[in-house]
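First the structure, in the form of structure tokens, and then the observations on it.
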Amino acid sequence: MKMNIFTRRAPILFVLVAISVANERAVAQTSYPMLMSLKPVAAHVGNSSEHTLKSRYTMLGTYDVIVTGEGVTGEIIHPEVKEGEKPNLQEIKIRFNVASDAQPGVRDFRIGTPNGVSTLGQLVIAEDAIIQEEGDNNTRDKANTIAFPATVCGAIEKAEDVDYFKFTVEAGRALSFHVRSQRLQDRIHDLQQHVDPILSVRDANGTSLAASDNYFYADPYLHYEFKHAGEYFLEIRDVRYQGNQYWEYAIEVHGRPFITNVHPMAVGRGQQTRFEFVGHRLPDIRDTFVSIPLDRPVGSQWWELPMGNSVTNPAPVVVSDLPVFTELESGNNTHEAAQHVSLPMGITGRIDSESDIDCYSFAAMKDEKFSFEVVARRQQSAIDSHLRILDATGMQLTLSDDMRIGKRNFADSFIENWTAPADGMFVIEVRDLHLRGGADFVYFIRATRSLPSFELFVDTDKTQLTPGTGGAIFVRAERKNGFTGEIQLGIEGLPDGVEASCGRILPDKGQDGCIVLTASPDTKMRLANVQITGKATHVAEGQSPVALAAIATPYQETYQPGGGRGHWPAELHTVAVGRASDIVAVTLSEYDVTLKPGESKQIDIKIERAEGFDKNVTLDVTYNHLSSVYGNSLPPGVTLEKPKSKTLLTGETIEGHITLTAAKDAPVAQRQQICVMANVSLNFVMKATYASKPLFVSVDATEPESDKK
């Protein structure tokens, strides 16, 4: 069967629920909501359903819901609030409307409130009806009775909580049990310990017939065929017998084919590809032909693939901008038997069995530079890749086990900017680190020339503004393969009434830049998702200038055990304008400062506090937590000299100052953009930040005329 397919992941949906909220003044630290759980955590395709949303801090006055993807919208069911009451709503109802053609899978969502936009929550879109755990079902005699197909939702709410569900099957029936729980908790801001679920199927006597612990990361999956008709039990608990009221789960149970992956897992744009299905309860025809349009976006995606008269559950597929070579069936287990490829190339293959090793040979000239990136574990593959580059004799030249992108480590491998030591033939060798193998051990290797480039990362996935105040977005660059130039930042999609002053990341060792947003005094409450970009020009000796560009990856910050500040990649960066809050304005004595090397200058700062707000405010020009700096757009050699600054404003204090000092060897800098932030602590990790208008700092290394004489 041939057909063109398209993913139903699409631009962001906005659903506005209009309500009137008074412009009240705060009397203590005012925090945006930090979403903690959604119950039930799943919604059924083609239906509308009500869910209970819990958060840290109030959700009173929620006016907006954002859901990623296409076909799912949300609206708040507002509780009755008596006139004059200001309840601390940390639990509200939300209705999700799921279209009949919405693609199953996991969606991110967040809400807009008068106190700002929330952290991210996650919603499972399920193909089957939702069954919510009821009552005390901690023993088999109290098990909830369920029927399949269904998506069973509940929570491992407390220590030693064990949830049981009772069902009846006929002899010979095979069922898949797919748990989503641990994977739903990566983005929960204030959940310092995560669930580690284990799933078991038991017979009527309580004997364990099958169990699964870690399959998709820490989440279980099992497929089981029942030999005898009768009554059975499904059991789910934390493997450590721990619990938490926010440890929600969804167990998708059905007898349909379940696709865990496809082979090949990657396809080039404009190519026609035969995908082989990998999974359980597969039909007699276990593959499909798909044509990929030339305008298909590149990257990792989830597709429903044609399977007879139906479609599969969404499967992970990588669309590549490279021509793709698929491993041949003949053996390539040694460097002598390596299959030849011409770089640059995308290589897709599979570690078919235990101890399988795949080798690919390529030609390179002395000093040619290449990068080799494995995409596998990130796309639900079972492989923990181990990647090596060998010479023609099989001698190891370099290797990579795990990789790092931005602030996160991954089990995939990455050899970056490898230089060929001589003219000749070389070998790419890939295997599983533990020498495992099987149908699920698929991989894709991006083998490219190492060209100058850069990547951008944004420290947070949301910027909170109030009328008349500013906010700072810090953008960090990772330069690659010899690029050392300046990067000009940009932003698209701002809400009405918000203006941006886009700074730059300085060349050479400059790492951070900032964008300062300002909301006009009459801006109404609203929010919008933005895209943060960077543009640069790379100039190499004897070559024409090359234009470079990148889109920034935002991170949601998370509260780690022990007070650490963690990060998790997010799809959205949302800019929200709330109501007037704790700090009404941050003003400076000057906004354009020039320093000579070795010189210091004091800048006076005044904040306007909201009536009744007397909590501590900390002034700063860099974004820090403990000893780590997450954003610093100061010119090289310029620092904030804290002993000569007044940065802690206690009680009703509204005036302070900072002193900027240029080192004696500080290089020249022209009007580098920074801003002064007034920070109010929300918890040990998070702070609300109110920013001044942009402050431009220059370093002028020219000698005064008097010194020259």
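The values are calculated or read from the model by the stated rules, or taken from the named source; none is laboratory data. Here the structure is a predicted model, which means the values were calculated and not measured. In this analysis, Cβ positions are derived from the backbone assuming ideal geometry, glycine residues included, and neighbour counts consider all displayed protein chains.
Filtered by the rule that a residue be assigned to a strand (DSSP E or B) and over 27 Å from the mean Cα position of the chain (by Cα), segment 520-546 gives Thr537, His538, Val546.
Given the structure, is Lys646 under 22 Å from Gln602 (Cβ atoms) and either within 29 Å of the chain's Cα centre (by Cα) or in the same structural domain as Gly503 (by TED's automatic domain parsing) (or both)?
Working: under 22 Å from Gln602 (Cβ atoms): yes; either within 29 Å of the chain's Cα centre (by Cα) or in the same structural domain as Gly503 (by TED's automatic domain parsing) (or both): yes.
Yes: the conditions hold for Lys646.
Mind listing just one residue for me: the one in segment 403-424 that is among the β-branched types (Val, Ile, Thr) and surrounded by fewer than 19 Cβ atoms within 10 Å (Cβ to Cβ) and, of those, nearest to Leu328 (Cα to Cα)?
Step one: of segment 403-424, the residues among the β-branched types (Val, Ile, Thr) are 405, 415, 419.
If we keep only those that are surrounded by fewer than 19 Cβ atoms within 10 Å (Cβ to Cβ) as well, we get 405, 419.
Values: Ile405: 31, Thr419: 27 Å.
Looking at the filtered set, the residue picked out is Thr419.
Is it the case that segment 274-288 has a residue that's free of Cβ contacts under 8 Å to residues at least 24 places away in the same chain, under 22 Å from Ala382 (Cβ atoms), part of a strand (DSSP E or B) and in contact with a Leu (Cβ under 6 Å, 6 or more places away or on another chain)? Within segment 274-288, none of the residues are free of Cβ contacts under 8 Å to residues at least 24 places away in the same chain, under 22 Å from Ala382 (Cβ atoms), part of a strand (DSSP E or B) and in contact with a Leu (Cβ under 6 Å, 6 or more places away or on another chain). For segment 619-630, filtered to residues that are among the aliphatic types (A, V, I, L, M) and in a loop (DSSP other than H, G, I, E, B), the residue that is modelled with the lowest pLDDT is Leu626. Pro220 meets the conditions (1) farther than 24 Å from Ala42 by Cα; (2) surrounded by 16 or more Cβ atoms within 10 Å (Cβ to Cβ) in every case but one. The failed one is (1). Ala422 meets all of the listed conditions (1) assigned to a strand (DSSP E or B); (2) closer than 17 Å to Phe370 by Cβ but one, namely (1). Taking the stated definitions as given, is Thr653 of a type in the set (Val, Ile, Thr), more than 27 Å from His194 (Cα to Cα) and over 32 Å from the mean Cα position of the chain (by Cα)? Considered against the rule, which asks whether it is of a type in the set (Val, Ile, Thr), more than 27 Å from His194 (Cα to Cα) and over 32 Å from the mean Cα position of the chain (by Cα), Thr653 comes out as yes.
The set of residues in segment 53-111 being closer than 20 Å to Arg579 by Cα, of a type outside the set (A, V, I, L, M) and in a strand (DSSP E or B) consists of Ser55, Arg56, Asp64, Arg110.
Residues in segment 103-143 that are touching a strand residue (DSSP E or B) at 6+ places or on another chain (Cβ under 7 Å), surrounded by fewer than 21 Cβ atoms within 10 Å (Cβ to Cβ) and small (Gly, Ala, Ser): 3 in all.
Restricting attention to segment 381-402, which residues are farther than 17 Å from His434 by Cα and buried (at least 20 other Cβ atoms within 10 Å of the Cβ)? Across segment 381-402, the qualifying residues are Ile389, Leu390.
Every residue, every condition in (1) modelled with pLDDT of 95 or more; (2) within 30 Å of Ile111 (Cβ to Cβ), yes or no:
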position: Glu157; (1), (2): yes, yes
position: Glu170; (1), (2): yes, no
position: Asp190; (1), (2): no, yes
position: Val195; (1), (2): yes, yes
position: Ile198; (1), (2): yes, no
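Whether any residue in segment 425-438 is buried (at least 17 other Cβ atoms within 10 Å of the Cβ), modelled with pLDDT of 95 or more, of a type in the set (A, V, I, L, M, F, W, C) and closer than 22 Å to Arg183 by Cβ is what I want to check. No, segment 425-438 contains no residue that is buried (at least 17 other Cβ atoms within 10 Å of the Cβ), modelled with pLDDT of 95 or more, of a type in the set (A, V, I, L, M, F, W, C) and closer than 22 Å to Arg183 by Cβ.
Residue under question is Thr622, and the condition is that it be surrounded by fewer than 22 Cβ atoms within 10 Å (Cβ to Cβ) and under 22 Å from Gly468 (Cα atoms); does it hold? Considered against the rule, which asks whether it is surrounded by fewer than 22 Cβ atoms within 10 Å (Cβ to Cβ) and under 22 Å from Gly468 (Cα atoms), Thr622 comes out as yes. Here Gly69 meets each of (1) surrounded by 12 or more Cβ atoms within 10 Å (Cβ to Cβ); (2) at pLDDT below 90 with one exception, condition (2). Has segment 631-647 got any residue that is among the basic types (Lys, Arg) and part of a loop (DSSP other than H, G, I, E, B)? No, that holds for no residue.
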